[in-house]
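Throughout, read-outs are computed from the coordinates displayed, never taken from laboratory work. Just so it is clear, the structure is predicted and the values come from calculations on it, not from any experiment. Reconstructed Cβ throughout: ideal geometry from the backbone, glycine too, with neighbour counts over all protein chains shown.
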Amino acid sequence: MTRSTGGVLIVEDEFLIAELLVAMVEDLGLHVCGVAATAAEAMAMAVSLRPELVTMDMRLRGEGDGVDAALHIHAHVGARVIFITGSREPDTVARIGTDHPAAVLFKPITFEQLRQVVTRLRQ
Amino acid sequence: MPAADAASVETMAGPAAAGAPRRLVLALLGLYGAAALAALPFAARPGPEVTAITPLFVATVLITEVATGFLVLVRFEATRRWSLLLLGAACLFAGLMAVLHLLTFPGAILPGRSMLGMPQAAAWTFLLWMGGYAGLALAAVAAAAFAPGWRVAPAQVRRHGLWAVALVAGLVLGCGLLVTGRVAALPPLMLGQAWTPLNAGMTYGEMVAVAAAILLSLAGAGRRDPIFLWLGLALSALLVANLLSLAGGARYSLGWSLGRLSWAVSASVLFLFFMGQFLRQQQALARAKATLEERVAARTAELTQALGQRDLLLREVYHRVENNLQIVDSLIHAEARPVTDPAALEGFARLRQRVFTLGQAHQQLMRSADLRYFDIAPFLEELVAEIRRAALPGCTVEVLADPVAVDLDFAIPLGLIVTELVAQAVRQEGVGRVAVAFRREAGDAARLTVSDDGPAAPGDLAAGNRLIAGLTRQLGGRIGITREGGTRIGIDLPIPEAA
């Protein structure tokens with residue numbers, strides 16, 4: 001397992017869900033390099049921490065959503081972005097699709113879903 | 001629709017509508033009278049002997065009067081007023097008598113002589129024509145002025161209309177027989193090209209009747225219904241026709257020719273009135289249609305917007321449901337972290353699986369077009385896929401589901417049952433294959449089967465599970481278990497009808 005690029009950035013504005021994601025990622029044997037709650041925070045942290053993977057909530061507090069943050073991170077950092085969204089409605093899914101996401105998971109997510117996605121992305 | 005439109009659509013009745021036309025009719029009357037007075041001094045001059053004037057005059061009167069008579073009778077059917085029945089009869093009489101005039105007037109068709117009857121026939125026809133029309137018109141105007149509420153009973157309307165047409169036809173036929181067969185018995189009306197005193201006297205009498213009808217039209221009847229106002233103008237033109245004819249004194253005098261012209265004008269007045277009505281009604285109809293279309297479009301836009309708002313709100317709610325379920329899952333996870341007891345951990349895992357089932361149902365709902373019904377097949381596939389991910393290696397789980405539209409009330413209990421049964425099956429020792437099937441049966445029924453190839457389980461799995469038993473009862477289903485080379489649990493369920 002390589003951790004050369006600095007682990008996983010969690011982007012989630014709900015504390016409890018962020019905690020769960022941190023635990024899941026750690027249970028996968030990965031290192032969580034940071035937790036961001038807004039799009040601006042996510043972009044800044046991604047640039048400074050240069051994570052290998054990002055879990056991205058679609059709806060975030062403040063200005064901008066997960067797609068805005070992901071597009072920026074994709075362009076400036078190149079990290080793989082896993083979208084985690086509560087909305088499976090066609091409009092949201094289409095908007096996520098504009099970013100060519102590495103993976104999309106729908107809430108509530110399970111450990112097994114995350115494990116499969118992470119395993120596939122890190123191969 | 002604005003009030004003005006409503007008034008004009010509802011066939012030109014009512015005193016409110018009579019103000020403007022009244023001024024117009026009186027102005028036209030003034031002009032017509034002035035023109036007639038100006039022509040009067042020249043009436044006696046002999047004019048050119050244009051024989052074609054009679055067929056032209058007859059054709060105009062025949063067409064316009066018969067058409068007007070028909071239109072008046074249509075209005076009679078709508079209003080049931082005796083005044084309109086009499087007026088319709090007057091118009092029809094005037095139109096049909098024109099034919100008799102054509103047949104009896106010398107030179108109208110054949111050069112120098114008439115088609116039918118003796119030399120006196122033409123004069124008698126003219127007198128009967130004028131007299132019948134004046135009499136019927138005076139009766140109509142008198143009825144409108146003095147008995148405006150006099151109506152025919154609704155059931156009698158059609159019969160009265162037909163009787164009026166038949167009587168007029170009979171009257172015209174009678175006049176025809178009289179002037180052709182019996183004219184020799186009648187006193188002479190013409191001496192050469194000049195009128196006898198009898199002719200002049202009867203003509204004066206008819207003119208007095210016409211004048212009385214004009215006064216009643218303009219003073220009384222026309223205030224209630226504009227059609228009588230215009231009839232006043234028509235009768236005035238007829239009066240002018242007779243005055244000019246009288247002043248002319250003989251056939252083909254200038255006054256006589258202008259008189260025929262004035263009669264043709266008289267016959268056309270009511271027809272033009274109806275054309276004006278038709279025009280206004282068509283315009284009102286077009287406006288009403290445009291207004292209606294506008295309203296329909298506006299209402300449709302409103303409803304579409306309201307529907308969009310509803311969808312937006314529902315999606316927002318479902319989104320929050322998903323987020324909250326994720327939070328519940330996070331709380332359970334946090335609670336389970338320090339636990340080491342395997343039985344307790346398994347309990348937490350089961351709990352999280354059930355939360356996942358609820359979340360999955362809402363996800364399927366959010367993808368559906370109407371936000372109410374969704375297909376059960378992908379839902380069951382997703383549930384089983386999640387259990388498959390957690391299953392021991394070497395155990396396969398398959399699912400075969402018919403597409404059935406269901407709502408949350410059906411999907412959530414069914415999803416929990418499937419999750420429970422499959423989770424139990426894969427947890428058993430020695431199970432290598434689990435198959436889930438949801439098949440649509442005859443009628444509104446379905447059968448869920450969960451079977452495995454494991455050794456017969458000790459005890460009754462489904463019956464021992466309160467959750468499965470309770471949810472099956474909630475769905476109105478029945479559980480059956482067979483054991484033949486594994487365990488096979490079947491649940492028969494009624495499918496609620498999708499709206």
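Note on A:Glu12, B:Glu497, B:Glu302: ascending count of other Cβ atoms within 10 Å places them as B:Glu497, B:Glu302, A:Glu12, the fewest first. Extending 7 Å from Cα along the Cβ direction at A:Val47 and again at A:Arg115 yields two label points whose distance is 3.8 nm.
At an R0 of 51 angstrom, the distance between the Cβ atoms of B:Phe42 and B:Arg287 translates into a FRET efficiency of 0.60. Look at the stretch A:109-116: the mean tally of other chain Cβ atoms within 10 Å of its residues' Cβ atoms is 4. Among A:Ile17, A:Ile82, A:Ile73, the largest mean-square fluctuation in a Gaussian network model of chain A (Cα springs under 10 Å) belongs to A:Ile17. Computed 3J(HN,Hα) for the stretch B:285-291, one whole-Hz value per residue from the Karplus formula 6.51 cos²θ - 1.76 cosθ + 1.60 where θ = phi - 60°, is 5, 4, 5, 4, 5, 4, 4, glycine and proline marked x.
Along the Cα-to-C-beta direction of A:Thr38, a point sits 7 Å from the Cα; which residues of the stretch A:60-88 have their amide N less than 11 Å from that point? Under 11 Å, as judged by backbone N against the label point of A:Thr38, lie A:61-64 of the stretch A:60-88. At an R0 of 22 angstrom, the distance between the Cβ atoms of B:Leu162 and B:Leu186 translates into a FRET efficiency of 0.10. Rounded to the nearest 0.05, the FRET efficiency derived from the C-beta distance between B:Thr300 and B:Ala385 at R0 = 41 Å is 0.45.
Going by neighbour counts of Cβ atoms within 10 Å, the residues B:Phe42, B:Phe228 line up, fewest first, as B:Phe42, B:Phe228.
The calculated 222 nm mean residue ellipticity attributable to helices in chain B amounts to -23000 deg cm²/dmol, summing -39500 (n - 2.57) over DSSP H runs of n ≥ 4 and dividing by all residues. The stretch between B:Thr482 and B:Asp402 holds 26.5 nm of extra length on full extension. This uses 0.36 nm per residue minus the Cα-Cα distance. Compared with the direct C-alpha span, the chain from B:Ser368 to B:Asp311 gains 19.4 nm at full extension, assuming 0.36 nm per residue.
Under a model in which nothing but the beta-carbon of Lys, Arg (+1) and Asp, Glu (-1) is charged, the protein assembly as shown shows a dipole of about 3840 debye around its Cα centre. The mean number of Cβ atoms from other chains found within 10 Å of a Cβ in peptide B:328-336 is 4, as a whole number. Could you work out the local net charge near B:Leu365, counting Lys and Arg as +1, Asp and Glu as -1, over the other residues with Cβ closer than 9 Å to its Cβ? Taking every other residue near B:Leu365 into account, the sum is +2.
Spin-label model, B:Arg23 to B:Ala194: label points 7 Å out along the Cα-to-beta-carbon direction sit 4.9 nm apart. Between B:Arg113 and B:Arg433, the contour length at 0.36 nm per residue exceeds the Cα-Cα span by 103.5 nm.
Of all DSSP beta bridges confined to the protein assembly as shown, the antiparallel ones make up roughly 55%. Shielding by partners for peptide A:19-26, expressed as the average number of C-beta atoms from other protein chains within 10 Å of each residue's C-beta, is 3. Rounded if a/c is under 1.5, else prolate if a/b beats b/c, else oblate: with a ≥ b ≥ c from the C-alpha gyration tensor eigenvalues square-rooted, which is the stretch A:1-121? It is rounded, given that a/c, with a ≥ b ≥ c, falls under 1.5.
Within the listed set A:Ala18, A:Ala42, A:Ala75, the residue fluctuating most in the Gaussian network model of chain A (springs between alpha-carbon atoms under 10 angstrom) is A:Ala75.
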